[in-house]
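Student: Sending over a structure as structure tokens; questions will come in a sec.
The values are calculated or read from the model by the stated rules, or taken from the named source; none is laboratory data. Note that the structure is predicted; figures quoted are calculated from it, not measured. Backbone-built Cβ (ideal geometry, glycine too); neighbour counts: all protein chains shown.
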Amino acid sequence: MSSDIGTKINHLLKTWPVGTIATASWLESQGVYHQLVAHYEHSAWIKRIGHGAFARDGDEVEWKGALFAIQTQLNLPIIAGGKTALELQGVSHFVSSGSGNFVYLFGTPRSRLPTWFQQHDWKAKIHFAPMNLFLDNTALGITDKIIGKFSIKLSTRERAILELLSLVPKSQEFDEAKLLFEGLRTLRPDLLQQLLEKCNSIKAKRIFLHLADTTNQPWFKDLDLAKIDLGKGKRMIGKGGSFDSKYNISVPKVSGGENQTEVDGA
């Protein structure tokens, strides 16, 4: 092994956070081109996990380490959101990081997960929602979370609950959403106000206000409802539920036995 190759691999391992993926484009930015990548693979320093994506040999990378690469190396507008963001911030009713659970990622309408990410087994079911949930695809309500030696971008609890409610009932059960909502008693009303004014989902906003009101959230009184567009007409989240005339929405009875169907997507 030449001293130049040895120097490069030492530099690479110092700048490459443990537990994360390195993309081919990032490796090139570090001076590690195709031929050298092949040498490192052959020498068992790195292993290929998909086309254009690598892990340190012996390093078991989770989805969080892959999301780190998506955000910082590929610069894609994809974040951990919804129930996953709530879990990572300590809101954990029914939520765990064990095998077989869903990981919720959110992106802009045109964003796509890399093929290597889609095809790899992350020991979790990935639910990716590319949507225009907020006006101008605002970055409002996005924060950083340290995971070991690296950090990822994810939604604050205020943004995450709106993301979660936008998936009710097609990809998120109302019963669970209500239980999660009851644990959000320290949300910041100023940030909520801004997010609610920018939120494009009438359905999510109506469910949010219904739950905030009926669960007696202490921050609810600080919201200015007159500035929040709730659209026109009725919304129905599930059959056989109860109608809340204040927010013009029918919601399922929280009994665990109702069949839910999506009537209005927004």
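Student: Can you tell me which residue is nearest to P169 (Cα to Cα) among those in segment 216-243 that are among the aromatic types (F, W, Y) and in contact with a helix residue (DSSP H, G or I) (Cβ under 7 Å, 6 or more places away or on another chain)? Even if it seems obvious, please write down each step before you answer.
Tutor: Initial filter on segment 216-243 (among the aromatic types (F, W, Y)): 219-220, 243.
Remaining after also requiring in contact with a helix residue (DSSP H, G or I) (Cβ under 7 Å, 6 or more places away or on another chain): 219-220.
Values: W219: 25, F220: 23 Å.
So, considering only residues that are among the aromatic types (F, W, Y) and in contact with a helix residue (DSSP H, G or I) (Cβ under 7 Å, 6 or more places away or on another chain), the one nearest to P169 (Cα to Cα) is F220.
Student: For segment 237-245, check the following and say yes or no: at least one residue is touching a His at 6+ places or on another chain (Cβ under 7 Å) and either at pLDDT below 95 or closer than 22 Å to D136 by Cβ (or both).
Tutor: Pass one, segment 237-245, residues touching a His at 6+ places or on another chain (Cβ under 7 Å): 244.
Filter once more, so that each one left must be either at pLDDT below 95 or closer than 22 Å to D136 by Cβ (or both): 244.
Within segment 237-245, one or more residues are touching a His at 6+ places or on another chain (Cβ under 7 Å) and either at pLDDT below 95 or closer than 22 Å to D136 by Cβ (or both).
Student: For segment 1-23, name all the residues that are among the polar types (S, T, N, Q), at pLDDT 90 or above and not in a loop (DSSP other than H, G, I, E, B). Break it down stepwise before answering.
Tutor: The initial filter retains those residues of segment 1-23 that are among the polar types (S, T, N, Q), namely 2-3, 7, 10, 15, 20, 23.
With at pLDDT 90 or above added as a condition, the list becomes 15, 20, 23.
Scanning segment 1-23 gives T15, T23.
Student: On to the next question. Let me spell it out: the conditions are (1) buried (at least 18 other Cβ atoms within 10 Å of the Cβ); (2) touching a residue at least 40 places away in the same chain (Cβ under 8 Å), and K170 meets all of them except one. Which number is the exception?
Tutor: Only one criterion is unmet by K170, namely (1).
Student: Residue pairs, Cβ under 7 Å, 6 or more apart or interchain, first in segment 151-162 and in contact (Cβ under 8 Å) with a residue 60 or more places away in the chain, second acidic (D, E) and buried (at least 24 other Cβ atoms within 10 Å of the Cβ). List them.
Tutor: Final answer for the pair search is S155/E163.
Student: Got a sec? Which of K170, K198, K227, K203 is at pLDDT 95 or above and either under 20 Å from K253 (Cα atoms) or aromatic (F, W, Y) (or both)? Break it down stepwise before answering.
Tutor: Numbers: K170 fails: at pLDDT 95 or above; K198 fails: either under 20 Å from K253 (Cα atoms) or aromatic (F, W, Y) (or both); K227 fails: either under 20 Å from K253 (Cα atoms) or aromatic (F, W, Y) (or both).
The conditions single out K203.
Student: Another question, if that's okay. Taking the stated definitions as given, is A129 farther than 14 Å from L192 by Cβ, among the aliphatic types (A, V, I, L, M) and at pLDDT below 95? Let's see the steps before the verdict.
Tutor: Working: farther than 14 Å from L192 by Cβ: yes; among the aliphatic types (A, V, I, L, M): yes; at pLDDT below 95: no.
It is false that A129 is farther than 14 Å from L192 by Cβ, among the aliphatic types (A, V, I, L, M) and at pLDDT below 95.
Student: Restricting attention to segment 109-118, report how many residues are surrounded by fewer than 16 Cβ atoms within 10 Å (Cβ to Cβ) and under 14 Å from M131 (Cβ atoms). First the steps, then the outcome.
Tutor: Kept after step one, since they are surrounded by fewer than 16 Cβ atoms within 10 Å (Cβ to Cβ), are these residues of segment 109-118: 109-110, 112, 115, 118.
Filter once more, keeping what is under 14 Å from M131 (Cβ atoms): 109-110, 112.
So the count comes out to 3.
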